[in-house]
1. Step through the residues of the stretch 343-356 one at a time and calculate ³J(HN,Hα) from phi using the Karplus curve (6.51 cos²θ - 1.76 cosθ + 1.60, θ = phi - 60°), rounding each to whole Hz and writing x for Gly and Pro.
2. Tell me, what HN-Hα J-couplings in whole Hz come from the Karplus equation 6.51 cos²θ - 1.76 cosθ + 1.60 at θ = phi - 60° for each residue of the stretch 270-279, using x for Gly and Pro?
3. Give me the percent of DSSP beta bridges within the chain that run antiparallel, rounded to the nearest 5.
4. From the phi angles alone, apply the Karplus equation (6.51, -1.76, 1.60; θ = phi - 60°) to the stretch 176-193 and give each ³J(HN,Hα) in whole Hz, x where the residue is Gly or Pro.
5. Going by amide H atoms built from the backbone, whose H comes under 5 Å of the H on THR211, apart from near neighbours?
6. With 10 angstrom as the radius, rank ILE201, ILE219 by how many other C-beta atoms surround their C-beta, starting from the fewest.
7. Which of ILE213, ILE2, ILE16, ILE249 comes first, and how do the rest follow, when ranked by fewest Cβ neighbours within 10 Å?
8. May I ask you to derive the FRET efficiency for ARG291 and LEU344 from their Cβ-Cβ distance with R0 = 35 Å, giving the value to the nearest 0.05?
Amino acid sequence: MIGGGPGAFIGAVHRIAANMDGEIELVCGAFSSDAEKSKQQGELLHLAQQRIYGSYKEMIRREAELPPTDKMDFVSIVTPNHLHFEPSKMALENGFHVVLDKPMTFDLAEAKQLNEIAARSGKYFCLTHTYTGYPMVKEARQQVLSGKFGKIRKVYVEYPQGWLSTPLEATDQKQAAWRTDPSRSGAAGGMGDIGTHAFNIAEYVSGLKTTKICANINIVVEGRKLDDDGAAFLKFDNGATGVLFATQIAAGEENNVKIRVYGEKGGVQWQQEDPNTLLVKWLDKPAEIWRAGTGYLSSYAKHNTRTPAGHPEGYLEAFANHYRNFALCVQAQMSGQKPQSEWLDFPGIEDGVRGMAFIETVIASGKSDNKWTDFKI
């Protein structure tokens, strides 16, 4: 692991998720740019002293020198956005698979370069867009792709938060400080942090690709340097249209991600506050309630469910699904086997490039008087 040291939030979530299914063992880490803090975190995690590193460069270099049976198999990178590209590049070029927190890079140029590096490496790359790991989100995608709803016409996706309703960054709160800092977050604040999640789940469930964006981007909290609120109209490659909103100033909201996709004959609806439920709606008959853990679901949903019906799984399990599927693919490659299609269903390098293109397009549209902006990679 790179990052995830003392005071970090998402690093611990990654470690729990990676450990959940017994497929992955944490063996080494460079947990902080401060070597002493890295050492403290490694000791708390009971790692061998010689595999607690003072920097990611030292870790990758020394791990690459170990015998194949001893070295790490992949690296999990959980740093702020401006520290995504270089560690990923170095890991791939030294023969290691990569799991990376989103958004993929600081800007689109870095994302495109990393895509080329990953392609040359032949290694697996996973981007942790958590919400597509839920079994009922995977079921929603399979329902849409089956064609039973006819041509998809409309997509609505939303991600409301309220945690940045005040200038929290002014209190030196670590998570707020880097997410609102252009030198560390990049061109976007809320749209980079949570807007990319909304965009990713919209394309994943609908199976469509965005072609144009018309956006309104706002800075609501006075003095903030990056957007904390925004909305966008989307046009997709089949002619369908969509609406996306992502805000971090909706006081009282937590992380109520919600996706609705409608076709000619019906559609699906899912939201994180009730993650085990998928609503299937029809033009000419009553709506249906589909539940996780039941026998009528697709192989994709079943593969990503651990508990019997009626026993809720949530955010950590969805996160863990990406890690488990990634690990199964890595193990298959190491043993010369072909991975199952269900294992390959995790967000990867293409999602990362499209996410960075979304950020640049939505910010450009938000600043433009012409509004409708072509989605280009």
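1. 5, 6, 8, 9, x, x, 5, 5, 4, x, 5, 5, x, 6
2. Along the stretch 270-279, the couplings run 9, 9, 5, 5, 9, x, 7, 10, 10, 8 Hz.
3. Around 70 percent antiparallel, to the nearest 5.
4. 5, 4, 7, 6, 9, 9, x, 6, 10, 8, x, 6, 10, x, x, 5, x, 6
5. Here LYS235, PHE236, ASP237 satisfy the definition.
6. Ordered from fewest to most neighbouring Cβ atoms within 10 Å, ILE201, ILE219 come out as ILE219, ILE201.
7. ILE16, ILE249, ILE213, ILE2
8. 0.85
Since every read-out is calculated from the coordinates, none of them should be taken as a lab result. These figures come from a predicted structure and were not determined experimentally. No Cβ is skipped: glycine too gets one built from the backbone with ideal geometry, and neighbour counts run over all protein chains shown.
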